[in-house]
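Step one of this worksheet: look at the structure below.
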Amino acid sequence: MRDSSGRLVSPPMTPKPQWRIALLTAAFGAAFASSAPTLRADPKHSPAAHSDAKTTDLKFTSVGEAWAVAQGATAQIGELLEGKNLKAIHPVEEQLSAALKYLEANSPMVTGDKQKRLAAALKQALTLAGNLHSASDASEAGKTEAELKKLQAALKLVAVQYPADALKAPAGFVKFQCPMKDFTGDKAGPCPKCGMKLKPVIPALAAGGAHGEHGDAHAHGSKVTTMNVALQSAQPLVVGEKADVIARVTTKDGKPVGMDALKEAHTRKLHFLIIDQSLTDYHHEHPEPTATPGEYKFSFTVRKPGPYRVWADLVPVATGEQEYVIADLPAETKGEPLANRAEVLTATVEGMTYTVTFKEKLEVGGAALGTLTVKDAKGEVFPSLEPVMGAYAHLVGFSEDFKTIAHIHPMGEEPTKETDRGAGKLDFHIAPEQPGLLRLFAQVQIGGVNKFAPFTLTVAKNSTTPGKEAGTSATDRKE
């Protein structure tokens, strides 16, 4: 669309309520030198204008609180910019400016030359926040991004002026939440339910600064998806033959979703987790785009009769939230029933032995620490697992309800380059969502070839845990 002056501008987007702001470490650029030129701000959003106007009801009781909000708001602005939701930046920037103003008012706590540098850095940060505010209000994405990078550098300069621990938030001000939003605690570390790295959040930013309740949702599978996936095979599914499949990915209102609308997760933008009705023929595929917008293609060799179910693992840029979208691939034949229900904790695949063990009982509502061990033909732990999609292993489990899935990545250090190698003994967390049979597949790469080891687990009911609706459970990597 065009504005009144005839310039092409992006259409306005509906702001989303910012209930929580993730406290992430800002990707700071080069720090401003002491000779940095004075920056000219938009008069409507200058520091003086912010001083006279009530921008937010957010209140602070310490420098640590204000700093936590400044970092969290800056990180959230980056996410909104990436999602092209510029209009939603307005209220977040007001929270940022409120935090910076509190720091400015309390800058005398820093003494000597550092106090002068701190005052100058905070003044710059407020100016840059105002410039960013103006650019986002005007839907100028490029300028907003440029101002954000300068702001990140200014905040780095602010941070180094304070004494050690001065910017530490008080106990309870920052919470630590599972990315799947099924657990919130007071300490950093892995989620006790699923093993994902807990992310810092600031409950004080909810509802304009009230320190409201922030309980555990315990709803891995209840998250509403924003995407639809439809599948169509070029030929009937035949056991032993390759099936060429077209996947159409659209938003809920039918708009095609291209690669640019998806974020990369573990080296790929689309992961398709595929299983037959007997939960024995598992495939992990990565569709590639065709010339048609929103259309993707992939192939796999059919090993079982009947239809297949696909969980599309994706992260929309617009939300930054992982989604698991279910789609079915029909067949002209009838699928096999679920059988082989006996527990299987060891599998042999091409001369290698794979074993899973657990320190806790597998039960609904509980988290168990598991270990995947890969041994060679001599019975020794295999020392050279190769990177596969940014990890040394992927574990995917399918519950017998045919509606619930767990996608697990091992804990510990992950590979950073293709030449890295990992030992075949990997710990992971698992938090079952449904009782009964859980078919678990471990995927590793050896000699450039993906290997899949199947296991059968039994999940007990937990009488102390309220009943849950079946749904898609997604456990992401331990970072």
Checklist line | All positions within segment 244-272 that are hydrophobic (A, V, I, L, M, F, W, C), within 27 Å of Phe455 (Cα to Cα) and surrounded by fewer than 21 Cβ atoms within 10 Å (Cβ to Cβ) | finding: Ala265
Check: For segment 373-421, how many residues meet the condition of being more than 30 Å from Ile326 (Cα to Cα), outside any loop (DSSP other than H, G, I, E, B) and modelled with pLDDT under 95?
Finding: 0
Next item on the list: Take segment 120-145 and flag every residue that is within 20 Å of Glu79 (Cβ to Cβ), crowded, with 22+ Cβ neighbours inside 10 Å and not hydrophobic (A, V, I, L, M, F, W, C).
Entry: Asn131, His133, Ser136, Thr144
Check: Taking Thr61, is it at pLDDT below 90, in a loop (DSSP other than H, G, I, E, B) and in contact with a Ser or Thr (Cβ under 7 Å, 6 or more places away or on another chain)?
Finding: no
Next item on the list: Specify the residue that is surrounded by the most Cβ atoms within 10 Å (Cβ to Cβ); the eligible residues are those in segment 109-119 that are of a type in the set (A, V, I, L, M, F, W, C) and within 12 Å of Tyr162 (Cβ to Cβ).
Entry: Leu118
Notebook entry, point to check: Among the residues of segment 273-293, is there at least one that is surrounded by fewer than 19 Cβ atoms within 10 Å (Cβ to Cβ), touching a helix residue (DSSP H, G or I) at 6+ places or on another chain (Cβ under 7 Å) and within 18 Å of Val249 (Cβ to Cβ)?
Noted result: yes
Check: Looking at this structure, is Asp420 free of Cβ contacts under 8 Å to residues at least 40 places away in the same chain and out of contact with any Ser or Thr (no Cβ under 8 Å at 6 or more places or on another chain)?
Finding: yes
Note to self: Can you tell me which condition Val245 does not meet? The list is (1) under 29 Å from Val444 (Cβ atoms); (2) without any contact (Cβ under 8 Å) to a residue 24 or more places away in the chain, and all the others hold.
What the structure shows: (2)
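Yes or no, residue by residue, for (1) free of Cβ contacts under 8 Å to residues at least 60 places away in the same chain; (2) closer than 17 Å to Ala99 by Cβ:
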residue: Gly130; (1), (2): no, yes
residue: Ser134; (1), (2): no, no
residue: Glu145; (1), (2): no, no
residue: Gln152; (1), (2): no, yes
residue: Lys156; (1), (2): no, yes
residue: Ala166; (1), (2): no, yes
residue: Pro170; (1), (2): no, yes
residue: Gln177; (1), (2): no, no
residue: Thr184; (1), (2): yes, no
Margin query: Being of a type in the set (S, T, N, Q) and in contact with a His (Cβ under 7 Å, 6 or more places away or on another chain) is the requirement here; does Ser134 meet it?
Written below: yes
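The values are calculated or read from the model by the stated rules, or taken from the named source; none is laboratory data. Worth saying up front: this structure is predicted, and the values here are computed from it rather than measured. Note: ideal-geometry Cβ built from the backbone for every residue, glycine included; neighbour counts use all protein chains shown.
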